[in-house]
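Taking it in order: structure first as structure tokens, then the write-up.
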Amino acid sequence: MNHFAKTLAAAAMLWSAQAGAQIADIIGLASGANLLVLLLVVLAVLLVFSGVKTVPQDSQYTVERFGRFTKSLTPGLNFIVPFIDRVTHRVNMMEQVLDIDQQSVISRDNAVVVADGVVFYQVLDAAQASYQVSRLHNAMRNLCLTNIRTVLGAMNLDEILSNRDDINTKLLGVVDAATDAWGVKVTRIEIRDLEPPKDLVEAMSRQMKAERQKRADILEAEGQRQSEILRAEGEKQAVILEAEGRKEAAFRDAEARERLAEAEARATTLVSDAIKQGDANAINYFVAQKYVEALHAIGTADNEKLVLLPMETSGILGSLAGIGELSKNIFAKREPGEREPGEAT
């Protein structure tokens, strides 16, 4: 009985050991399968990530297959063959600024000028910019340096300092033509600073001062000349006006003398007619007239305070009485309504 129990217990123990080994084998097989699946999943993820490329908006990527360029990746989501294609260059497609270092340039008239500048350019073809030139920025910088030296060296100092726009235009044309094979478009080149030697700056300052003084002297001379011309014109106009005034005054004086002569002639005619008719008192008219004029001149003199009348004054007064009688006779003989010759109607 004891022997049977021991046998049964030994058989049970043997069976349990075999079952545990089988269970362990099953668990090991399951673990190996899961690890393989996990490895496959990881490999698939790696393949997906290596075959999918996302390119930003401001860039383009170049792709090579076995060392040969195949295509350029544009902005957005792109696919390549994993482990066969690879991205080699990441090219910035935005417009970029490149500073040009200072350099000494000898002009055509042997003046030394220190010049620097700035260049604005944009890559249009990523493949050409990557494979047609090595180190694009360095190539652009050296190209601009040499062309600045060439363009400025063909000009005089005055032309360099006064024609900066022409210099920029020439540089832009030359550099843009040279970089066209690199897939690069140069949009602008600006000469930022030009520094001539100090002695030339001082000479130019003196020249500018002399030029301004010259212009000031010319303007002052022009002002004096214009002033003299205006003064002469004024004097000329004044002389003309004065002559016109004298002419008008002479004309008026002549007209007055003519009127006076006509009046005297008329009076003389009347007296002559009276003498012809036998009236001797008419002669006294002329004598009395001259005598009265002489007395008027004596009386109006400034240096005379006392006037002495000669003894013949009574005779003169008699002549005046004769003139009165003559006038009465003339007006008495005139018929009613008869007009004297020369009298206005």
Rounded to one decimal in nm, the spacing of the 7 Å Cα→Cβ label points at Leu77 and Glu202 is 7.3 nm
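Explain nothing, just the number: relative contact order of segment 96-183, from Cα pairs under 8 Å at least 6 residues apart, as a whole percent.
After rounding, I find 35 percent.
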Placing +1 on each Lys and Arg Cβ and -1 on each Asp and Glu Cβ in segment 142-201, then taking the dipole about the Cα centre, the residue among Thr187, Pro197, Ile148 whose Cα reaches farthest towards the positive end is Thr187
Quick calc, Ser227 & Thr88: beta-carbon distance into FRET formula, R0 56 Å, rounding 0.05, result 0.10
For segment 40-96, averaging the sequence separation of alpha carbon pairs under 8 Å that lie six or more residues apart and dividing by its residue count, the contact order in percent is 39 percent
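Run the numbers on segment 89-133 and let me know its relative contact order in percent, using alpha-carbon pairs under 8 Å that are six or more apart.
Dividing the mean separation by the residue count of segment 89-133 yields 43 percent.
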Computed on Cα atoms only, the convex hull of segment 97-145 has an orientation-averaged projected area in nm² of 4.1 nm²
Once amide hydrogens are built 1.01 Å from N within the peptide plane, the residues lying 5 or more places from Leu124 or on another chain with amide H under 5 Å from its amide H are Val184, Lys185
Taking a crude spin-label model, label points 7 Å out from Cα along the C-beta direction, the Leu161 to Phe66 distance in nm is 6.6 nm
The simple spin-label model distance between Ala44 and Arg215, using points 7 Å out along Cα→Cβ, in nm, is 8.4 nm
Quick shape summary for segment 199-266, equivalent ellipsoid via Cα gyration tensor, semi-axes whole Å in descending order, reads 65, 4, 4
Sorted by chain and number, the residues with a modelled amide H under 5 Å from that of Val114, at a separation of 5 or more or across chains, are Val105, Glu195
By the Kirkwood definition, with r running over pairs of different Cα atoms, segment 160-217 has a hydrodynamic radius in Å of 14.3 Å
Note: segment 94-196, point scatterers on Cα, Debye, no solvent; log10 I/I(0) at q = 0.10, 0.16, 0.18 Å⁻¹ equals -0.27, -0.64, -0.78
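No lab work stands behind these numbers, since they all come straight from the coordinates. Please read all numbers here as calculations on a predicted model, not as lab measurements. Positions of Cβ are backbone-derived with ideal geometry, glycine not excepted, and every protein chain shown enters the neighbour counts.
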